[in-house]
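Take a look at the structure set out below.
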Amino acid sequence: MHADVLIVGAGPTGLALGIDLGRRGVDALVVERDGSLFPGSRGKGIQPRTMEVFDDLGVLDAIRAAGGSYPVGMIWQDGKRTGEHQMFDPAEATEDSPYSAPWMVPQWRTQEILFARLAELGGKVAFGREVVGLTQEADGVTVGFADGTSLRARYVVAADGGRSAVRRTLGITMTGETVDPNPALVADVRITGLDRDNWHLFPPRGEGDGFLAICPLAGTEDFQVAAQFPEGSSVDVSLEGVRKVVAARSHLAPQDVTEVRWASNFRPRAALADRFRDGRVFLAGDAAHVHSPAGGQGLNTSVQDAYNLGWKLGAVLRDGVDEALLETYEEERRPVAAGMLGLSTSVHRGEVRRGQATRQLGLGYRDSSLTEETRETPGAIHAGDRAPDGTVGGTRLFDAFRGPHWTLLALGAEAPELPEAVGVVRGVAQEPYGTGLFLVRPDGYVGWAGETGDGLAKYLRRAGL
């Protein structure tokens, strides 16, 4: 068997990468150790920047239909409602940022939607394929599976989670810390006797107790139970174990928990791979960085890893761009992942609220070697920044950006001759861009900016255009 790209892991990272490569006509195969998609709700928060990515990948309508907004937190004490708690700082949608708040979709449902989109593009997932070894050569990678078969690929992407078999095979270490020594339970359950209009919060009742939170999962009949336990505790994930902790920490009776559909225990930690690449193998998602679930940064950072790597692999494999382009993946994504790990940890410890930073709209690549700002006095939007939405000459910018191509915005400036592969939007000065030329990368970031077209042709050649 052969593929241009072998993606190990059918979580959100691997599926998103498969979609991005599939729409570029790249021969990619996703393999998954388990026999089916992940069944739990774990990463349920989709941040505004990821909503923009999902818009481009063609799954936004399905994601919006499957989920809902986060409910207001309701604090309970001794069986009585004692006050509301705003889980997120409020933000208004604007023309340049149409998605302002996180959107709740259980992870299992997000993966189903991504899987369906991958299939629509002709992509495939091979389940029950456990990677047990790999060998790199100058022109490819041979991957061995537990069933004795093997596959040859030009590139491999490890998207196989925090315990990544590929990362361990490569000998890449992770540096990190325990965010919280207290173990935690997370479970998807069916409960009677609680409304679905609030995220129900039960503070610790006494010394040594942990919190309990019960959140209605949008688009389902389920609730997600999250509970913290004292350090050294053994967490019981059975139906009886979940019933016991819910009854002990709330006004609910054990039998009010009627079903446990999925459950897991974990200790929150933050860890970053020492490198994101080894030859022809790349690390993405949890294989590269492991977050505390607080703040909803893990899944989102992971999907954006895939979004960054996908267009670069496509450019090299489909368009013949120099492989040096692939060096910018780690250069751009590792600093972002490090920053998001710090943010997740700060949210977990109550040092930072869920707000502007957690929406991920302000992330960018100003310091990347792939970024070129030629203006002496840039305005609000610099090369390296996310390219905001807006309307120019009757065209919505996100509509113009959507797809695997580059786009040039010519705002009050003359557009030079360009290759057919670059879309062009012309108009007058547009806030927050101002005036000038803005070359928008396939992943929605400004790669090059200038007052005139001087230097643009050179940048285009470097980008393989």
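The values are calculated or read from the model by the stated rules, or taken from the named source; none is laboratory data. This one's a predicted model, so the numbers in the text were calculated from it and none came from an experiment. Neighbour counts run over all protein chains shown; Cβ positions are idealised from the backbone, glycine included. Ligands, DNA and RNA are excluded from the accessible area calculation, which covers all protein heavy atoms including side chains. Shrake-Rupley method; radii C 1.70, N 1.55, O 1.52, S 1.80 Å.
Taking every Cα-Cα distance in the range 26-147 and sorting them into 10 Å bins from zero, the calculated P(r) comes out as 10, 28, 27, 19, 11, 3, 0 percent.
Contour minus end-to-end for Thr435 and Glu417, with contour as 0.36 nm per residue of separation and end-to-end as the Cα-Cα distance? Mind showing how you got there, number by number?
On the way: separation 18, 0.36 × 18 = 6.48 nm, distance 1.87 nm.
Fully extending the segment from Thr435 to Glu417 adds 4.6 nm.
Give me the net charge for the shell around Val440: Cβ to Cβ below 12 angstrom, other residues only, Lys and Arg +1, Asp and Glu -1. Neighbourhood net charge equals -1.
How high is the relative contact order of the range 156-256, in percent, counting Cα pairs under 8 Å that sit 6 or more residues apart? Spell out each step's value before the answer.
Values: 132 pairs, mean separation 25.7, N = 101.
Once divided by the residue count of the range 156-256, the mean separation gives 25 percent.
Here the mean projected area of the convex hull built on the C-alpha positions of the range 39-100 is 6.3 nm².
Using the Cβ-Cβ distance between Ala253 and Asp399 with R0 set to 60 Å, the FRET efficiency from 1/(1 + (r/R0)^6) comes to roughly 0.70.
For Glu240 and Arg163, the FRET efficiency from 1/(1 + (r/R0)^6), where r spans their Cβ atoms and R0 equals 45 Å, is about 0.95.
Using alpha carbon centroids, what distance separates the range 30-45 and the range 384-444, in Å? Distance between centres, Cα-based: 36 Å.
With all protein chains present, how much of the accessible area of the chain (probe radius 1.4 Å) comes from carbon and sulfur, to the nearest whole percent? Write down the numbers at each step before the final one.
Numbers: 8920 of 18930 Å².
Answer for the chain is 47 percent, counting heavy atoms of protein chains only.
A simple packing score, the average count of other Cβ atoms within 10 Å per residue, orders the peptides 10-22, 416-428, 248-260, 209-221 as 10-22, 209-221, 248-260, 416-428, with the highest score first.
Using the Cβ atoms and a cut-off under 15 Å, what net charge is assigned to the surroundings of Ser234, where Lys and Arg are +1 and Asp and Glu are -1?
Overall, the nearby charge balance is -1.
Tell me the per residue accessible area of the chain using a 1.4 Å probe; a whole number in Å² is fine.
Working: 18930 Å² over 465 residues.
Value returned for the chain: 41 Å² of accessible area per residue.
Positive end of the dipole of the chain (Cβ unit charges, origin at the Cα centre): among Val132, Leu118, Pro12, the Cα lying farthest that way belongs to Val132.
The peptide list 283-289, 443-449, put in order of mean Cβ contacts within 10 Å with the highest first, becomes 283-289, 443-449.
Averaged over residues, the count of other Cβ atoms within 10 Å places the peptides 320-326, 108-114, 152-158 in the sequence 152-158, 108-114, 320-326, highest first.
Looking at the range 1-89, I'd like the Rg to Rh ratio, where Rg is from alpha-carbon atoms and Rh is Kirkwood's inverse mean 1/r. Mind showing how you got there, number by number?
Numbers: Rg = 18.6 Å, Rh = 16.2 Å.
Looking at the range 1-89, the ratio lands at 1.15.
Considering only alpha-carbon pairs that sit under 8 angstrom and 6 or more positions apart, the relative contact order computed for the chain is 16 percent.
Please compute the alpha carbon radius of gyration of the chain, then divide it by the globular-protein estimate 2.2 N^0.38 Å. Two decimals is fine. Could the numbers behind the result be given before it?
On the way: Rg = 23.0 Å, N = 465, 2.2 N^0.38 = 22.7 Å.
For the chain, the normalised Cα radius of gyration comes out at 1.02.
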